[in-house]
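Q: Before I ask anything, here is the structure I am working with.
The values are calculated or read from the model by the stated rules, or taken from the named source; none is laboratory data. Everything numeric here is computed off the predicted structure, so don't read it as measured data. We place every Cβ from the backbone using ideal geometry, glycine too, and count neighbours over all the protein chains shown. Remember, those area values only see protein heavy atoms, side chains included, never the ligands or the DNA or RNA. Shrake-Rupley method; radii C 1.70, N 1.55, O 1.52, S 1.80 Å.
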Amino acid sequence: MSSSVQRTRVRKSPEARRAEIVEAATGVALAEGLECLTLRRIADELAVRPGLISHYFPSVEDLVAEAFGSAASAELDRLVPAGTYGESPTLRLARFLAHTAGDSYDAISRLWINARHLSRYRPVLRDRVAVQEAAWRGALERLIREGVDREEFRTPDPYVTTIQILVVLDGLGAHANTDTADRPAAVTRMAVTTAERELGLPPGALDLPDGPGPEPDPSPSPVTTD
């Protein structure tokens with residue numbers, strides 16, 4: 001005698017469904033590029049009807065911008081997390097720079113290249129790129145200003161120094177789609193060298209002795225009191 005079990009479908013909240021859509025779109029954007037994002041593609045990824053995707057994102061341009069913003073924000077949270085109690089700005093900056101070199105950073109570099117190119121033709125994406133650029137500048141500038149306040153860094157203009165470091169990182173990241181295996185170590189280290197020079201640090205001050213280590217935890221540190 002056969003029996004069947006009635007499966008109960010769990011209706012997701014609007015917030016959870018939207019987050020699921022953005023997560024799927026972000027994955028496709030990182031793996032294949034923003035051009036591959038369509039409402040039907042994400043519907044197929046989630047095994048739902050395209051109408052469900054369009055309910056949350058009536059225009060694919062909104063979904064493209066949201067996917068880029070989600071990926072860029074998540075990467076920034078990993079690179080410049082809230083400081084752990086007792087960690088110096090020098091250590092946090094060294095960790096940031098270490099994580100911006102190597103294969104693990106290439107995926108987000110490719111996405112930035114992709115987004116900046118497409119933003120020339122897509123106003124919604126262009127606005128989101130501007131927002132994310134401001135967020136990256138702000139996070140790094142705050143870290144540098146903290147180092148200046150603690151007298152670990154010396155620079156007459158933390159904002160200018162921030163731009164100099166990011167320009168070097170963007171220049172290096174522009175080659176994420178090409179083979180850089182033969183890139184000289186001095187070139188790979190250009191962002192570190194620039195930061196040390198502009199912040200009045202001796203050579204090697206921003207090198208981590210054991211490499212970048214594990215990915216930083218973006219979760220906030222517990223509040224401690226004296």
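Q: Give me the pairs: first residue in the range 117-132 and open to solvent by 60 Å² or more (accessible area, probe 1.4 Å), second residue of a type in the set (S, T, N, Q), beta-carbon distance under 7 Å, and six or more apart or on different chains, which are they?
A: Arg126/Ser119
Q: Now a separate question. How many residues does the range 128-156 contain that are more than 28 Å from Gly86 (Cβ to Cβ) and either polar (S, T, N, Q) or not in a helix (DSSP H, G or I) (or both)?
A: Qualifying residue count, the range 128-156: 2.
Q: Looking at the range 17-50 only, could you name the residues that are more than 25 Å from Arg110 (Cβ to Cβ) and open to solvent by 50 Å² or more (accessible area, probe 1.4 Å)?
A: Across the range 17-50, the qualifying residues are Arg18, Ala47, Arg49.
Q: Please work out which residue is nearest to Leu79 (Cα to Cα), limiting yourself to the range 95-116 and to residues that are open to solvent by less than 50 Å² (accessible area, probe 1.4 Å) and of a type in the set (Val, Ile, Thr).
A: Thr100
Q: Looking at the range 71-80, which of the residues that are out of contact with any His (no Cβ under 7 Å at 6 or more places or on another chain) and buried (at least 20 other Cβ atoms within 10 Å of the Cβ) is nearest to Leu39 (Cα to Cα)?
A: Ala71
Q: Another question about this same structure. Which residue out of Glu152, Glu45, Glu66, Glu141 is under 24 Å from Glu32 (Cα atoms) and modelled with pLDDT of 95 or more?
A: Glu66
Q: Same structure, new question: Has the range 160-181 got any residue that is farther than 30 Å from Glu61 by Cβ, of a type outside the set (A, V, I, L, M), over 16 Å from the mean Cα position of the chain (by Cα) and open to solvent by 80 Å² or more (accessible area, probe 1.4 Å)?
A: Yes, some residue in the range 160-181 is farther than 30 Å from Glu61 by Cβ, of a type outside the set (A, V, I, L, M), over 16 Å from the mean Cα position of the chain (by Cα) and open to solvent by 80 Å² or more (accessible area, probe 1.4 Å).
Q: Right, something else. If you check Val60 against the conditions, is it aliphatic (A, V, I, L, M), in contact (Cβ under 8 Å) with a residue 12 or more places away in the chain and open to solvent by less than 40 Å² (accessible area, probe 1.4 Å)?
A: no
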